[in-house]
1. Within segment 1-22, can you find the residues that are outside any helix (DSSP H, G or I) and either closer than 22 Å to residue 101 by Cα or aromatic (Phe, Trp, Tyr) (or both)?
2. If only one of 16, 86 is basic (Lys, Arg), surrounded by fewer than 24 Cβ atoms within 10 Å (Cβ to Cβ) and in contact (Cβ under 8 Å) with a residue 12 or more places away in the chain, which one is it?
3. Could you check segment 23-47 and list, in sequence order, the residues that are assigned to a loop (DSSP other than H, G, I, E, B), at pLDDT 95 or above and under 16 Å from residue 280 (Cβ atoms)?
4. Go through segment 269-303 and report how many residues are of a type in the set (Lys, Arg) and closer than 24 Å to residue 76 by Cα.
5. Please specify each residue of segment 186-214 satisfying the condition of being farther than 19 Å from residue 12 by Cα and in contact with a Ser or Thr (Cβ under 9 Å, 6 or more places away or on another chain).
6. Which residue pairs have Cβ atoms under 7 Å apart, sit 6 or more places apart or on different chains, and have a first residue in segment 240-267 that is farther than 22 Å from residue 228 by Cβ and a second that is among the aromatic types (Phe, Trp, Tyr) and modelled with pLDDT of 65 or more?
7. Would you kindly identify the helices (runs of 4 or more DSSP H) lying entirely within segment 77-179 that contain at least 2 residues that are touching a Gly at 6+ places or on another chain (Cβ under 6 Å)?
Amino acid sequence: MTQLPKSVRIVEVGPRDGLQNEPVMVSTEDKVTLIELLGKSGLKNIEAAAFVSPKWVPRMADSAKVMEQIERLPGVTYPVLTPNKRGFDAAVAANAQEIAVFGAVSESFSKANANSSLDEILNRAIPMVEQAKAHGMKARGYISCCLGCPYEGDIDPLKVLDVAIQLREMGCFEIVVSDTIGTGTPQQAAALIELLVPRIPIEEIAVHFHDTYGQALANVYACMQLGVSVVDSSIAGLGGCPYAKGAAGNLATEDLLYMLDGLGIETGVSMERILEATDFISGVLGRPPASKTGQALLKKREG
C-alpha cells in the first residue's frame, strides 16, 4: 500500500454522463452556462457532450451546439463520448480535443446499452482511436459494470483486465474503471485495481463510481491508497443509469472535493466556485443537489 497521492485530477462528467440520465431536459443555453461555471472553478477536464443517436439519448441531441457555444478556456479539455464512426466524425467537426470510447464487461449490458456485443463495440473503437491520434486528439477508454451488472450480477475481474488491456493496446491514454450501478465496496474496488496494476500503469487508471449504496467516496479512498490519482465525479451528484433500476447518480463533485480538501490533497479546484455551479444546475432541475456537501454548504451560505 502506497501513500495517498499529493494531487488528484478530477474529471467532471456532470454535463454529459450526469445530464443525459436526468429526467429533466436541460436547454442548450443552460448546459453552456453550467460548463462555463465548471471551467471557472479550476477543473481541467469537463466532459461536455456525447455524439450519440438522439433517438436513444435525446438529452444529448444538442451536443454540436453545446460544443460550438462554450467558451473554451486555456488549459481545459472538453472530452466528448463517441460510440461509433458517425459520432467520431461529429466530434472532429466540433473540434473536440478528446474523445471517450467505452465497453462493458457484461454482454447483457452491452446489448442493452449499445445493441452490440462487447467484441463489436471494441472493434468499432479501434479505428476511432487510431483516427483520433491522426487528428491530434486523445482517447479515453471507459469500462462499464466493473464491479457489478444489473443483468448478470457479479463480474469476473479477469474480464475487466482483458478489456483494459485491449483499450490500452488500441491507444487509449487512460482506462476508466467504472462501477456503473454503484454496488461495489472498497475491498472489491481495491482488489480490482491491484489486479490491473501489473498490466496497466497506475497513472493510466482512473475511477468512476456511482453512489447507489453510499460507497463511492469509500471506494475512491481505497483506490487512492493504491496510487490512483484520477477520479470522475459529477456536479450535484447528477445522473444515474437507465439500464440499472434504482442506480443513483455519480459520485458528487462537491463530496469528492470536500474529502480531498480535508486530506490536504491538491486539486486546483475552488469549492466556492463549484457551489455556484451546484446552485445553478439544482435551480434548473428544480431540486436540491444529491450531494451532502452541496446541501450543507449551500444552506450555510444562505445563513
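The values are calculated or read from the model by the stated rules, or taken from the named source; none is laboratory data. Treat the numbers as computed from the prediction; the structure is a model and nothing was measured. No Cβ is skipped: glycine too gets one built from the backbone with ideal geometry, and neighbour counts run over all protein chains shown.
1. Taking segment 1-22 and keeping what is outside any helix (DSSP H, G or I), we get 1-13, 22.
If the condition is that a residue be outside any helix (DSSP H, G or I) and either closer than 22 Å to residue 101 by Cα or aromatic (Phe, Trp, Tyr) (or both), then 9, 10, 11, 12, 13, 22 are the ones that fit.
2. Details: 16 fails: surrounded by fewer than 24 Cβ atoms within 10 Å (Cβ to Cβ).
It is 86.
3. 26, 27, 40, 41, 43
4. At the first step, the residues of segment 269-303 found to be of a type in the set (Lys, Arg) are 273, 287, 292, 299-301.
With the extra rule that they be closer than 24 Å to residue 76 by Cα, the set shrinks to 273.
Looking only at that region, the number is 1.
5. Residues satisfying the conditions are 202, 213.
6. 243/109
7. On the way: elements: 85-93, 107-114, 118-134, 157-170.
In segment 77-179, 118-134, 157-170 are the helices (runs of 4 or more DSSP H) which contain 2 or more residues that are touching a Gly at 6+ places or on another chain (Cβ under 6 Å).
Conditions (1) in contact with a helix residue (DSSP H, G or I) (Cβ under 6 Å, 6 or more places away or on another chain); (2) small (Gly, Ala, Ser), marked per residue:
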position: 44; (1), (2): no, no
position: 57; (1), (2): yes, no
position: 63; (1), (2): no, yes
position: 69; (1), (2): yes, no
position: 76; (1), (2): yes, no
position: 89; (1), (2): no, no
position: 95; (1), (2): no, no
position: 99; (1), (2): yes, no
